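Structure record follows, encoded as structure tokens.
The values are calculated or read from the model by the stated rules, or taken from the named source; none is laboratory data. Predicted, not measured: the structure shown is a model, and the values here were computed from it. Heads up, the Cβs are rebuilt from the backbone with ideal geometry, glycines too, and the neighbour counts pull from every protein chain shown. Protein only, heavy atoms only, side chains kept; ligands, DNA and RNA dropped before computing areas. Shrake-Rupley method; radii C 1.70, N 1.55, O 1.52, S 1.80 Å.
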Amino acid sequence: MVENTVVKVERLGKQVENGDGNGEGPLVILHEIDFSVAAGETVAIVGASGSGKSTLLGLLAGLDQPSSGSVHLDGREINVLDEDARAVLRGQILGFVFQSFQLLPSLTALENVMLPLELAGQRSASGEARAWLERVGLSHRLGHYPKHLSGGEQQRVALARAFAPGPKLILADEPTGNLDAATGHQIIDLMFAINAERGTTLILVTHDEEIAARCGRRLRMHAGRLEELPA
């Protein structure tokens with residue numbers, strides 16, 4: 001594997017049992033997907049709803065197991081690791097940004113950002129988290145719980161949480177899906193700005209072609225297959 005390859009996917013497949021009882025066999029969600037992503041690249045994965053985009057992202061993160069093929073993250077094949085080892089690897093190299101924010105409701109904005117830093121053994125987790133919340137424009141919201149934050153503010157906290165530990169790879173799944181258009185543009189601008197500052201590798205799942213066009217590469221999912229789109 002090339003040294004600067006952060007993600008390498010080979011003949012990746014995912015199928016589930018067809019539960020409708022019609023005897024047609026398993027339902028194929030992903031079919032023999034191959035692609036790789038180099039360090040520092042920004043890659044958009046586009047496609048219609050149900051095309052397999054989020055399933056692919058879950059497999060890249062080791063949150064789901066493939067039916068066939070392999071996923072390598074930073075040179076390690078994640079689908080041969082047990083659940084605990086995959087969790088450790090995620091903590092070391094991955095940051096996540098979800099459509100539904102996925103903040104812990106019982107933690108303040110500051111505590112949500114501190115959590116991955118503390119899990120990584122960061123001694124100055126509080127100071128680092130404060131700096132990141134200031135970077136995303138929320139220095140005045142440190143002690144607020146998610147229910148007291150707007151959707152845009154919650155996604156800013158999620159961005160700070162994702163980037164704070166210094167991951168090599170950010171996976172973003174429809175990060176503007178629950179936001180109005182104006183707020184969504186602000187979040188995307190912020191995410192790309194921080195990503196450029198940090199030199200992080202970004203894989204972004206989106207249905208928004210305008211957002212996808214901001215990435216260096218675009219891949220399209222269609223009927224469980226992946227194709228590279230022209231630059």
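Starting from residues that are in a helix (DSSP H, G or I) and of a type in the set (Gly, Ala, Ser), keep the ones in region 81-118 and report whichever is nearest to residue 177 (Cα to Cα).
Taking the candidates together, the pick is 109.
Got a sec? Which of 149, 89 is more than 22 Å from residue 62 (Cα to Cα) and out of contact with any Pro (no Cβ under 8 Å at 6 or more places or on another chain)?
Step by step, each of 149, 89 is checked, and only 149 is more than 22 Å from residue 62 (Cα to Cα) and out of contact with any Pro (no Cβ under 8 Å at 6 or more places or on another chain).
Residue 121 versus (1) on the phi < 0 side of the Ramachandran plot; (2) without any contact (Cβ under 8 Å) to a residue 12 or more places away in the chain; (3) part of a loop (DSSP other than H, G, I, E, B); (4) not aromatic (Phe, Trp, Tyr): which is the lone unmet condition?
Tallying (1) on the phi < 0 side of the Ramachandran plot; (2) without any contact (Cβ under 8 Å) to a residue 12 or more places away in the chain; (3) part of a loop (DSSP other than H, G, I, E, B); (4) not aromatic (Phe, Trp, Tyr), residue 121 fails exactly one: (1).
Output the residues belonging to region 56-79 that are out of contact with any Ser or Thr (no Cβ under 8 Å at 6 or more places or on another chain) and open to solvent by 40 Å² or more (accessible area, probe 1.4 Å).
Result: 63, 65, 67, 68, 74, 76.
Criterion first (in contact (Cβ under 8 Å) with a residue 12 or more places away in the chain, farther than 27 Å from residue 206 by Cα and either surrounded by 14 or more Cβ atoms within 10 Å (Cβ to Cβ) or aromatic (Phe, Trp, Tyr) (or both)) does residue 107 satisfy it?
In short, yes.
Restricting to region 30-70, name every residue that is more than 15 Å from residue 170 (Cα to Cα), within 15 Å of the chain's Cα centre (by Cα) and in a strand (DSSP E or B).
46
Select from region 85-103 the residues that are basic (Lys, Arg) and either touching a Leu at 6+ places or on another chain (Cβ under 7 Å) or open to solvent by less than 40 Å² (accessible area, probe 1.4 Å) (or both) and list them in ascending order.
Result: 86, single match.
Restricting attention to region 42-55, and to residues there that are of a type in the set (Gly, Ala, Ser) and surrounded by 16 or more Cβ atoms within 10 Å (Cβ to Cβ), which single residue is farthest from residue 199 (Cα to Cα)?
The residue in question is 51.
From 87, 109, which residue is of a type in the set (Gly, Ala, Ser) and over 17 Å from the mean Cα position of the chain (by Cα)?
Residue meeting the stated conditions: 109.
Go through region 196-231 and give me each residue that's open to solvent by 10 Å² or more (accessible area, probe 1.4 Å), assigned to a helix (DSSP H, G or I) and either in contact with a strand residue (DSSP E or B) (Cβ under 8 Å, 6 or more places away or on another chain) or closer than 15 Å to residue 34 by Cα (or both).
209, 211
Take region 136-175 and flag every residue that is outside any strand (DSSP E or B), small (Gly, Ala, Ser) and either open to solvent by 20 Å² or more (accessible area, probe 1.4 Å) or more than 21 Å from residue 122 (Cα to Cα) (or both).
Passing the criteria: 137, 139, 143, 150, 151, 152, 166.
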